[in-house]
Amino acid sequence: MKREIICGLVVATLSCGIFDGASIFAADNVEQENVVQLQEGVDLDNLAPDVQAVVIKDDSIVDFEKDEIDELLDDGVQIVDFSSEPDEIEEMLECQDIDSDKNVIGYKIEKEAQEVKVTPIGLEMVSDDGQVVDEEFSQSAIDEIQLDISDDEALFFSTNKNVIPEECDDFRAHLQASNNIGSAYAETSRTTYFYRLHWYNHETKAAKKGECVSGRKMGYATVTLSAYSAGGKGKKRYDTFWTTALVGAANDYKLLNFTVQNRLYEQNNCSIIDASVLESGQESKTVSIGSSISASETGLSSSLSSGFSYTYDPNGLTIKNKTNGGDEMMPIWECSKKRKDASENEYYTIKPAIVVKSPNGKNKPTKVSARVKNLTFSGAAKDYTVANGSGSEYVYLEVKNHKN
């Protein structure tokens, strides 16, 4: 009877690769390139603001400063530790009774509310008929599983499901991971935190990660804006701008509403010629962009003009595709969930895209921005609305001739 190894907490590469007989698959919402490996001597204070998870593979957690580890967890970063012994994690995090079962190969460490949660990453032996076999692994078999981190890999973490190889494309965060449109030639990102300033009124504040704010954090948004070449002819250029907005609640708040916005700035006669139409629902959806563009758009990449499709998970959201006050230069995606359906500390990943035509894009710049605004968080006693309209929360890309 054929057997294979699977992860109970699933971890994956983009190729959904098989490592020496170990099937390692992907799931959920930690984005590609937002995972870094920690090594002794790394300055944790200078990690990029969009890092969502760090991996300890070669060093022990006790080789790092406790204050820095605590700050990572407070910022909502997950720590995946394949190296430390349970007693070392207990010593560092002042927790007890970490599971050290025979099939545990590591631990996922995160903070829920104010409590540190340590979840074992386990292996199971599965037969070809899908039955779990209660069998202990030799250490040599576990050591053969190689988990490398590089630019062409992604790590994802989940406690609720395994994913078969055919489904892996649905969880790839970036265009170059799953289509023929090419690689991003420009990208920018930032993380914004949203605070309730006082318990007795509704005053709120949006602040860039790292800014000191006296208040209680209710949620966060990490917005990444990427630019992809979509063709051109003569002076004309076409670009696809892809926004990935990871938006969530923290400290037991519920996120009820938020809006993702793109903006094309009025310069050099640029125009938006297509935009994603995102659907509501409970399950993953497929959206197409480019297929509705007129064949008269000479110079448009054939890979885009034939229509590019990608997947996203609305996760129960109701999504309205609109423009900001009727301005076609500012498409928005209004996202909401009924109070009774929302969960504490829930997060969502929204992925709209726009195609921009720049008549003189070879010589003159095209400027696009993305942001998250109009968020409503529900607490135990009050709802708090964060307009997030200061302008400091935007991410911008200004490109010319498919370059920064």
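List the lysines whose Cα sits under 23 Å from the Cα of LYS351, skipping any in the same chain fewer than 8 residues away.
LYS161, LYS208, LYS209, LYS254, LYS285, LYS320, LYS322, LYS337, LYS338, LYS367, LYS373, LYS403
Can you compute the FRET efficiency between LYS322 and GLU203 using 1/(1 + (r/R0)^6), with r the Cβ-Cβ distance and R0 = 35 Å? Round to the nearest 0.05.
Working: r = 28 Å, r/R0 = 0.80.
Plugging the Cβ-Cβ distance into 1/(1 + (r/R0)^6) gives 0.80.
How many nm separate the modelled label positions at SER60 and SER294, each set 7 Å beyond the Cα in the direction of the Cβ?
Inter-label distance under the simple model: 6.9 nm.
Tell me the trypsin sites (Lys or Arg not before Pro) within the range 211-312 that lie in a loop according to DSSP and have at most 16 other beta-carbon atoms within 10 Å. Write out the running numbers ahead of the final one.
Details: sites: ARG216, LYS217, LYS233, LYS235, LYS236, ARG237, LYS254, ARG263, LYS285; in loops: LYS235.
Counting only loop positions with at most 16 other Cβ atoms within 10 Å, the trypsin sites (Lys or Arg not before Pro) in the range 211-312 are LYS235.
Rank GLU91, GLU279 by accessible area, highest first, at a 1.4 Å probe radius? Present the calculation step by step, with values, prior to reporting the outcome.
Working: GLU91 135, GLU279 95 Å².
So, going from the largest accessible area down, we get GLU91, GLU279.
With r as the distance between the Cβ atoms of ARG339 and ASP97 and R0 = 41 Å, compute the FRET efficiency 1/(1 + (r/R0)^6) and round to 0.05. It would help to have the intermediate numbers written out before the result.
Values: r = 36 Å, r/R0 = 0.88.
It comes to 0.70.
Among the trypsin sites (Lys or Arg not before Pro) in the range 308-404, which ones are in a DSSP loop with at most 14 other Cβ atoms within 10 Å of the Cβ? Mind listing them? Show your work: numbers first, answer last.
Working: sites: LYS320, LYS322, LYS337, LYS338, ARG339, LYS340, LYS357, LYS362, LYS367, ARG371, LYS373, LYS382, LYS400, LYS403; in loops: LYS337, LYS338, LYS362, LYS382, LYS400, LYS403.
Loop-located and lightly packed - LYS338, LYS382, LYS403.
With a Förster radius of 25 Å, plug the Cβ-Cβ distance of VAL287 and TYR185 into 1/(1 + (r/R0)^6) and report the FRET value to the nearest 0.05. Write out the running numbers ahead of the final one.
On the way: r = 22 Å, r/R0 = 0.90.
After rounding, the FRET efficiency stands at 0.65.
In nm, give the distance between the simple-model label positions of TYR265 and VAL277, each being 7 Å from the Cα along the Cα-to-Cβ direction.
Here the answer is 3.1 nm between the modelled labels.
Test of understanding: what is the full-extension gain from LYS364 to VAL213, defined as 0.36 nm times their sequence separation minus their Cα-Cα distance?
Values: separation 151, 0.36 × 151 = 54.36 nm, distance 3.95 nm.
That pair, LYS364 and VAL213, stretches by 50.4 nm at full extension.
By how many nm would the segment from LYS117 to GLU68 lengthen if fully extended, with 0.36 nm per residue of separation less the alpha-carbon distance? Show your work: numbers first, answer last.
Numbers: separation 49, 0.36 × 49 = 17.64 nm, distance 1.70 nm.
Result: 15.9 nm gained on full extension.
The values are calculated or read from the model by the stated rules, or taken from the named source; none is laboratory data. Everything numeric in this text was worked out from a predicted model, so none of it was measured. Ideal geometry is used to build each Cβ from the backbone, glycine not excepted, and the neighbour counts take in all protein chains shown. What goes into the accessible areas is simple: the full protein's heavy atoms, side chains included, and nothing from ligands, DNA or RNA. Shrake-Rupley method; radii C 1.70, N 1.55, O 1.52, S 1.80 Å.
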